[in-house]
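Worksheet: the structure to be examined is printed underneath.
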Amino acid sequence: MNSTKPDVPKWLILSGLVLLITGMLFGLVGSFQYIFPGLFKQYLSFEKIRPLHVSSVVFWILFAATGSVLAYLQEHTKRKLFAGKASSLQLKLFVLAVVLILSSYVLGKFGGREYWEFPPPLALILAAGWILFIIQVAGSVKTLKQQPVYIWMWLTGAFGFLFTFTESYLWVFSYFNKDIVRDMTVQWKSYGSIVGSWNMLVYGVGMFLMEKISQDKSYSRSSMAFALYFLGLFNLMFNWSHHIYTLPVNPAIRHVGYLVSMTELFILGRIIYKWKSSVTAAQKNIHNLSYRFLVIADVWIFINLFLAILISIPAINVYTHGTHITVAHVMGTTIGINTMLLLAVAIDLLSDTCRSLKPYYPQIIRASWLANISLFVFLASLFVAGVERSRWQMSAQAEPFSQMMKGLAPYFIVFAIAGLMLFVSFSFIVFPLLKNTLSCFIQPRQRSIVEFKTAFDRVK
Ligand code: HEM
């Protein structure tokens, strides 16, 4: 137990956790606006709520992933971070960017593209913070010789994100925005690769945590682990093609992308599955909660693999494109895989505070069951609504859009209720982590205030 105040990597994870809960709140409003179109239209219309939701939860992943990489890098190198001051500047730039970005949405100031709808100049602040992250990772690694796979994943994810984030802004140049097919191909290519980049960071910290729990260094140096790495790299470069089946581009690109994106998930699932049998009962007990969330992520890898294979079949993709099935796929992977892996890491890194997390174990375990059941219902309701929507999209005598959306209301009600359960369950998981860490930081102050008051009373 220690009462030292959280260092910058932990503040990145803590701010990420706040963004996760805030983002889910916006998502909840969005789900109610599905049922009651026009709800909060005056101040927080769906046009504002969607980017508020999507950007907040994407920043949860970026904040928690960079914080976890910086924390585990110090554990791996057993040295302080290279250019330590850079990490507090990174945190400040990230927080500044997020505050300005979410405010621009509330004020209705857009100008960007999907996922980054905010005014493009704000992207420069984020990019500056990310460059500081790259300097710390590359500077702290020093050499690539004999390095485990997670070092390669962190470096590739760090550089890959900056490259693809920059690429996602090529539309500002007329050479791209004048040609719709080129513009959309580059746009979707960059998004697929941005996701591939942050997956490298998230899967990398997942691999480090598995090694830390089992004390077995063989996994992250195994040929299977490096196969996962090279497939992830290939994915980062080529999986985007399954985003653009509807665009007139060379069919070969599509088929390569389809094959690659499936194998990566399969290999990751297999590594976690194999690793599970190597963990002793004692280790499972010590790292009870982190182990639990790693196993949960493994289950969601296989569930999402099934949905991803389905919607990546070109003949099926034609029907699912632009429906709630795509949203189910995106939220299924970002919640079921990324968020569960990052929560496993956050529990590991935020457990060494002045207060034990043990009293909250039963609450977190119950909440994790509720989270998984509600996530399943949440995604299933989106999937069924998507099937109905795709039937409407393909039918010759399509009824008006508003009538079709009215017909989907029963699924949206289930979606909103499951979303509410998801929000409640994640709050019961996240709150103890925030409270435990922050109270260690606040307690010394409170003590001094109490001491001051008693001293003052004594003087009186
Ligand atoms: C309380 C739980 C949540 C609710 C009710 C919710 C609701 C929504 C809604 C209504 C949309 C807009 C779909 C549309 O375009 O029509 C959406 C999109 C999205 N949500 Fe959530 N969400 C929740 C949690 C999350 C979480 C935890 C994450 C990630 C960690 C997430 C990631 C996303 C992403 C990435 C999209 C964009 C999907 C796309 O590409 O179209 N959501 N969500």
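The values are calculated or read from the model by the stated rules, or taken from the named source; none is laboratory data. Because the structure is a prediction, the values reported are computed rather than measured. Glycine gets a Cβ as well: all are built from the backbone with ideal geometry, and neighbour counts include every protein chain shown.
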Taking residue 404 as the residue in question, decide whether it is of a type in the set (A, V, I, L, M, F, W, C), surrounded by fewer than 16 Cβ atoms within 10 Å (Cβ to Cβ) and out of contact with any Gly (no Cβ under 7 Å at 6 or more places or on another chain). no
Candidate set: the range 53-99, residues that are over 17 Å from the mean Cα position of the chain (by Cα) and of a type in the set (Phe, Trp, Tyr); chosen: the one nearest to residue 23 (Cα to Cα): 72
Mind listing whichever residues of the range 379-397 are within 14 Å of residue 412 (Cα to Cα), more than 13 Å from the ligand (Cβ to nearest atom) and more than 22 Å from the chain's Cα centre (by Cα)? 384, 387, 388
Considering the range 405-435 alone, what residues qualify as being among the aromatic types (Phe, Trp, Tyr) and either farther than 23 Å from residue 361 by Cα or near the ligand (Cβ under 9 Å from one of its atoms) (or both)? 411, 412, 415, 423, 426
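For every residue, the table says whether it meets (1) at pLDDT 90 or above; (2) crowded, with 19+ Cβ neighbours inside 10 Å.
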position	(1), (2)
128	yes, no
136	yes, yes
151	yes, yes
160	yes, yes
164	yes, yes
175	yes, no
184	no, no
192	no, yes
204	yes, yes
Among the small types (Gly, Ala, Ser), under 30 Å from residue 414 (Cα atoms) and in contact with a strand residue (DSSP E or B) (Cβ under 9 Å, 6 or more places away or on another chain): does that describe residue 45? no
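Taking the range 393-427, which residues are farther than 22 Å from residue 32 by Cα and assigned to a helix (DSSP H, G or I)?
Residues of the range 393-427 farther than 22 Å from residue 32 by Cα: 393-399.
393, 394, listed by residue number.
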Quick one: is residue 333 assigned to a helix (DSSP H, G or I), surrounded by 15 or more Cβ atoms within 10 Å (Cβ to Cβ) and of a type in the set (Ser, Thr, Tyr)? yes
Among the residues of the range 321-349, which ones are among the small types (Gly, Ala, Ser) and near the ligand (Cβ under 10 Å from one of its atoms)? 322, 328, 332, 336
What are the pairs with Cβ atoms under 6 angstrom where one residue, in the range 24-37, is closer than 12 Å to residue 57 by Cα and the other, located anywhere, is more than 6 Å from the ligand (Cβ to nearest atom) and of a type in the set (A, V, I, L, M, F, W, C)? Sequence gap at least six, or different chains. 26/49; 26/52
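Yes or no, residue by residue, for (1) among the β-branched types (Val, Ile, Thr); (2) in a helix (DSSP H, G or I); (3) more than 10 Å from the ligand (Cβ to nearest atom):
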position: 294; (1), (2), (3): no, yes, yes
position: 299; (1), (2), (3): yes, yes, yes
position: 303; (1), (2), (3): yes, yes, yes
position: 310; (1), (2), (3): no, yes, yes
position: 316; (1), (2), (3): yes, yes, yes
position: 352; (1), (2), (3): no, no, yes
position: 365; (1), (2), (3): yes, yes, yes
position: 373; (1), (2), (3): yes, yes, yes
position: 377; (1), (2), (3): yes, yes, yes
Out of the range 360-375, which residues are in contact (Cβ under 8 Å) with a residue 60 or more places away in the chain and surrounded by fewer than 23 Cβ atoms within 10 Å (Cβ to Cβ)? 360, 361, 363, 365, 366, 367, 368, 372
List the number of the failed condition for residue 114; all other conditions in (1) at pLDDT 95 or above; (2) within 16 Å of the ligand (Cβ to nearest atom) hold. (1)
Yes or no: residue 20 within 30 Å of residue 213 (Cβ to Cβ) and modelled with pLDDT of 95 or more? yes
